[in-house]
Number of protein chains: 2
Amino acid sequence: MAYLLPILLYLISTTGEIVSDHRKIRVDDDVYCESWRFSVETNDAGYWSTVPARCVQFVQDYMTGDRYRYDSEVVAENSLRFAKTVEISDSGSDGWVFDIDETLLSNLPYYQLIGFGSKTFDEESFDSWVDLAEAPALPASLSLYKELKQLGFKIFLLTGRSEYQRNATEKNLLYAGFTNWERLILRGPSDQGKPAIVYKSEKRSDLQHEGYRIHGNSGDQWSDLLGFAVATRSFKLPNPMYYIS
Amino acid sequence: MAYLLPILLYLISTTGEIVSDHRKIRVDDDVYCESWRFSVETNDAGYWSTVPARCVQFVQDYMTGDRYRYDSEVVAENSLRFAKTVEISDSGSDGWVFDIDETLLSNLPYYQLIGFGSKTFDEESFDSWVDLAEAPALPASLSLYKELKQLGFKIFLLTGRSEYQRNATEKNLLYAGFTNWERLILRGPSDQGKPAIVYKSEKRSDLQHEGYRIHGNSGDQWSDLLGFAVATRSFKLPNPMYYIS
């Protein structure tokens, strides 16, 4: 087995790179992290808990540079282009569903403090941040929100936050410039413990049973968008910092 | 209105950049094309016909460099990681569905000749290319294919190609190293004209009614993956060259 030693030493020396079998290629951090991000943003990755150590700097650069802001603007442009094709009825039943965190509000000030998704979610510190009610708007989403209202859509805010956070959430939304939503839906007692994809599908289904047509749905998690009672068009905002199933 | 002239001249001078309203930022080609690609790969863009002129070089670099190949490998790794969690029954009813073009076979040699998606789809030249039956395998997908078979999955190939292309398609699959699929499903007479998302959902539904469980589904188009009778997990391969609805 001695002939394996140089190979093992080589493998150890390239820690953090993709080395294993014949079909793998070795890549630098940038290619690695771009591919990791592709797998996350397309939902290919499935569940993941923290940003790979190798990609924390990549995520920081992405979130704090032009790319995050511009990706969000392109999503808003695509959303608005679709919204303008919708024929709005006089019945007031044309709806658009928005998630809140990393969709309307940006928690980037919080995630900057705790390392851009490099650590597992800490409910206590996040709840304290929510109570501050000082998350800024995602600029592109704020413009989209206003434009959708002008077009005549009823706006439904569907968040994984809980009822006890209603006051802080309303205060934060107003602080960030969001006004006149039709309804703010938070997790009630019977929604606790449900996966987000189930909870959100159920709430969309309730809206449909009330007679609303959900034309568009905007969210940074695939669990905001998939499941059942899905919108005519779903719009995935970027988020390489955390995953919610 | 004379005071508008300098603004108009400024807008004209920055042709190709994002200039319009207050919320837009101006970005260089790389940021622009990365965001365009994000919108395409997440399905936010909806229908699109050709790669934006500004991004043809970006797409060429992406497709012919490390990134495309490595993105595909990460998709295969995610797929295999999930596949290994599936408990395979003795009934032979555990299925995995693969699309063919840009999923198992790469038409990159063809798209290199016609400009990487910069021109609208030309059925005649593409059919001639299909008849050649010389498309190479996507290396990561070929490895995944073999590993899934070893795990005990029945492999279903579900393609938008038509029955008259069955012989050329089988020949090409064998040439590229794919063997022992359970079934190759092509568009029959009654499938012509249907959107891919409907045709493919119907065929997956048929498989489920036959008793197959579709655990995984791999495709480069969202129309391979969404609709109804969706797989337990869907895996989106990269494709910034064309869109099929």
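With a Förster radius of 45 Å applied to the C-beta separation of A:Thr120 and B:Leu174, the computed FRET efficiency comes to 0.45. Surface listing: B:Arg233, A:Arg69, B:Arg204 arranged by accessible area from highest to lowest gives A:Arg69, B:Arg233, B:Arg204, probe 1.4 Å.
About the centre of its Cα atoms, chain B shows a dipole size close to 400 debye [charges on the beta carbon of Lys, Arg (+1) and Asp, Glu (-1) only; nearest 20 debye].
Using only Cα atoms, locate the centre of segment B:213-233 and the centre of segment B:37-72, then give the distance between them in Å, rounded to an integer. Rounded to whole Å, the Cα centres lie 21 Å apart. Over chain B, dividing the summed -39,500 (n - 2.57) contributions of all DSSP H runs of at least 4 residues by the number of residues returns a 222 nm mean residue ellipticity of -13000 deg cm²/dmol. Other residues within the sphere of radius under 15 Å centred on the Cβ of A:Gly160, judged by their own Cβ, net out at -3 (K and R +1, D and E -1).
Along the axis of the charge dipole computed for chain A (Cβ charges of +1 for Lys and Arg, -1 for Asp and Glu, origin at the Cα centre), the listed residues A:Ala196, A:Leu225, A:Trp181 are led at the positive end by A:Leu225.
Distances between equivalent label points of B:Leu113 across the copies, with each point positioned 7 Å along Cα→Cβ, amount to 6.0 nm, shortest listed first.
Going toward the positive end of the dipole of segment A:32-126, with +1 on Lys and Arg Cβ and -1 on Asp and Glu Cβ, which of A:Tyr32, A:Leu104, A:Thr85 do you reach last? Of the options given, the answer is A:Tyr32. Rounded to whole numbers, the Karplus 3J(HN,Hα) couplings from phi for segment B:151-158 are 6, x, 6, 7, 9, 10, 9, 10 Hz, using 6.51 cos²θ - 1.76 cosθ + 1.60 with θ = phi - 60°, and x at Gly and Pro.
Count Lys and Arg as plus one, Asp and Glu as minus one, and take only other residues whose Cβ is under 10 Å from that of A:Gly219; the net charge is then -3. Of all beta bridges that DSSP places with both ends in segment A:55-236, some 5 percent have antiparallel geometry.
Given a Förster distance of 25 angstrom, what is the FRET efficiency for B:Tyr47 paired with B:Arg26, based on the Cβ-Cβ distance and rounded to 0.05? With a Förster radius of 25 Å, E is 0.40.
Each residue of segment B:214-229 is assigned a 3J(HN,Hα), and the resulting list reads 8, 6, x, 9, 10, x, 8, 10, 5, 6, 6, 10, 9, x, 10, 6 Hz, derived from the Karplus form 6.51 cos²θ - 1.76 cosθ + 1.60 (θ = phi - 60°), x at Gly and Pro. At a Förster radius of 41 Å, what calculated FRET efficiency corresponds to the Cβ-Cβ distance of A:Glu87 and A:Glu202, to the nearest 0.05? After rounding, the FRET efficiency stands at 0.90. Which one, A:Asn180, A:Asn43, A:Asn172, has the greatest fluctuation when you compute a Gaussian network model over chain A with C-alpha springs under 10 angstrom? Judging by the Gaussian network model, the answer is A:Asn180. If the limit is 23 Å between Cα atoms, which of A:Lys200/A:Lys236; A:Lys236/B:Lys84; A:Lys236/B:Lys194; B:Lys154/B:Lys200; A:Lys236/B:Lys154 go over it? Over 23 Å Cα-Cα: A:Lys236/B:Lys84; A:Lys236/B:Lys194; A:Lys236/B:Lys154. Label positions at B:Gln150 and A:Tyr164, each projected 7 Å from the Cα along the C-beta direction, are separated by 5.1 nm. Across the copies of the chain, A:Ala53 has label points (7 Å from Cα along Cα→Cβ) spaced 4.9 nm apart, shortest distance listed first. In a reduced charge model with +1 at each Lys and Arg Cβ and -1 at each Asp and Glu Cβ, the protein assembly as shown shows a dipole moment near 540 debye about its Cα centre. Across the copies of the chain, B:Asp28 has label points (7 Å from Cα along Cα→Cβ) spaced 1.5 nm apart, shortest distance listed first. Modelled this way, with points 7 Å down the Cα-to-C-beta line, the labels at B:Glu134 and A:Gln192 are 6.7 nm from one another. About its Cα centre, segment B:22-165 has a charge dipole of approximately 440 debye under the convention of +1 per Lys or Arg Cβ and -1 per Asp or Glu Cβ, with nothing else charged.
Taking θ as phi - 60° and the Karplus parameters 6.51, -1.76 and 1.60, the scalar couplings of segment A:196-201 work out to 4, 5, 6, 3, 6, 4 Hz in sequence order, x denoting glycine and proline. Of all lysines in the structure, those lying under 19 Å Cα to Cα from B:Lys171, and not within fewer than 8 positions of it along the same chain, are B:Lys146.
Accessible area of A:Val59 (1.4 Å probe, protein heavy atoms only, ligands and nucleic acids ignored): about 0 Å². Given their separation in residues at 0.36 nm each and the Cα-Cα distance between them, B:Gln112 and B:Glu210 gain 31.2 nm when the chain is fully extended. Within the protein assembly as shown, antiparallel bridges make up roughly 5 percent of the DSSP beta bridges whose residues both belong there.
The values are calculated or read from the model by the stated rules, or taken from the named source; none is laboratory data. Every value quoted in this text rests on a predicted model; they were computed, and no experiment measured them. Backbone-built Cβ (ideal geometry, glycine too); neighbour counts: all protein chains shown. SASA here: full protein model, heavy atoms, side chains in, ligands and nucleic acids out. Shrake-Rupley method; radii C 1.70, N 1.55, O 1.52, S 1.80 Å.
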